[in-house]
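The values are calculated or read from the model by the stated rules, or taken from the named source; none is laboratory data. Not measured: the values here are computed from a predicted model. Cβ atoms come from the backbone with ideal geometry, glycine included; neighbour counts cover every protein chain shown. Quick note on the areas: whole protein, heavy atoms, side chains included, nothing else; ligands and nucleic acids left out. Shrake-Rupley method; radii C 1.70, N 1.55, O 1.52, S 1.80 Å.
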Amino acid sequence: TESKGSCSDSDDIVVTFTQQPVADAGTGGSVCGSMTFGLSATASVGTGTWTQESGPGSSSFADASSPSTDVTVSAFGSYVYRWTEVNGGCSDFDEVTVNFSDAIVADAGDATAEECDLSIALTGTQTVSGSTASWTVTAGTATDITFSDASSFTTTATSSTYGTYTFTLTESKGSCSDSDDIVVTF
């Protein structure tokens, strides 16, 4: 109200105090061999929506407005998802990263082999592009064995004594891994 002498006039303003949302998208993660991941945001106030911010393919949400929902992707890779909450004219968002990796099925070659000497060429197969290899002795005396390159899919295992050994090839990429064995008798 503004007044001067006997004159006055007034005007109104309506103010709405709205609670600010505090978005919490939860935690991301990694999935091996699956194209579906369960998102789990913690809702605060207002309404929320999931959106894809980046990734090599497209995403579909079981229910994009639900804090806890499944997302399914069209291609393996790393994706960023945004949980946005809106309450009146106030909004906030939080993001998570989810890595979808192709399943690894390690292949150490033949299941068994017999050698008439103390050396064998191990011929593992790389099943997923960009994965790494690791050979270990899982049965027999490990100190008897040396590998020409334990981090190569194909390597030579040399024994200092005759006997039976189990060699394990572990193939890994990101958080995904799988192992396969070959039993060798020297």
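Can you tell me the convex hull volume per residue for region 113-154, based on C-alpha atoms, in Å³ to the nearest whole number?
Dividing the Cα hull volume of region 113-154 by its residues yields 89 Å³.
Please give the net charge around residue 162, taking every other residue with its beta carbon less than 15 angstrom from that of residue 162, where Lys and Arg add +1 and Asp and Glu add -1.
Overall, the nearby charge balance is -4.
Only bridges with both residues in the chain count here: give the DSSP antiparallel percent, nearest 5.
So the antiparallel bridges in the chain amount to around 90 percent.
Once you compute Rg and the Kirkwood Rh from C-alpha atoms, what is the Rg to Rh ratio for region 121-186?
On the way: Rg = 11.9 Å, Rh = 12.1 Å.
Taking Rg over the Kirkwood Rh, I get 0.98.
Calculate, axis by axis, the spread of Cα positions in region 1-51 along the three principal axes, and write the results as whole Å, longest axis first.
Sorted from largest, the Cα extents of region 1-51 read 81, 14, 11 Å.
Output the lone cysteines of the chain: those with no second cysteine's C-beta under 4.7 Å from their C-beta.
7, 90, 116
Roughly speaking, to the nearest percent, how much of region 59-186's 1.4 Å accessible area is carbon and sulfur?
Roughly 47 percent, rounded to a whole number.
In Å², what does the accessible area per residue of region 34-156 work out to with a 1.4 Å probe?
Solvent-accessible surface per residue comes out at 50 Å².
Can you give me the pair-distance distribution of region 20-115, C-alpha pairs, 5 Å bins, whole percents?
Pair shares across the bins are 3, 14, 22, 18, 13, 8, 6, 4, 3, 3, 2, 2, 1, 0, 0, 0.
Rank 180, 102 by accessible area, highest first, at a 1.4 Å probe radius?
Putting 180, 102 in descending order of accessible area: 102, 180.
For the chain, what is the convex hull volume of its Cα atoms per residue in Å³?
157
So what's the Cα pair-distance distribution over region 60-133, bin width 10 Å, in %?
All Cα pairs considered, the percentages come to 13, 28, 19, 15, 12, 8, 4, 1.
Determine the sum of side-chain charges near residue 52: Lys and Arg each +1, Asp and Glu each -1, restricted to other residues whose C-beta is under 14 angstrom from that of residue 52.
Net charge in that neighbourhood comes out at -2.
Report the FRET efficiency, 1/(1 + (r/R0)^6), for residue 115 and residue 172, where r is their Cβ-Cβ distance and R0 is 22 Å, rounded to 0.05.
0.20
Just reorder 32, 7 by solvent-accessible area, largest first, 1.4 Å probe, all chains present.
On the way: 32 65, 7 90 Å².
Largest accessible area first, the list is 7, 32.
Sequence-distant or interchain residues sharing an amide H contact under 5 Å with residue 41, placed H: which?
Those qualifying (amide H under 5 Å, at least 5 residues apart or on another chain) are 68, 69.
Working from the alpha-carbon coordinates of region 48-102, get Rg over Rh, Rh being the Kirkwood radius.
Reported Rg/Rh (Cα atoms, Kirkwood Rh): 1.01.
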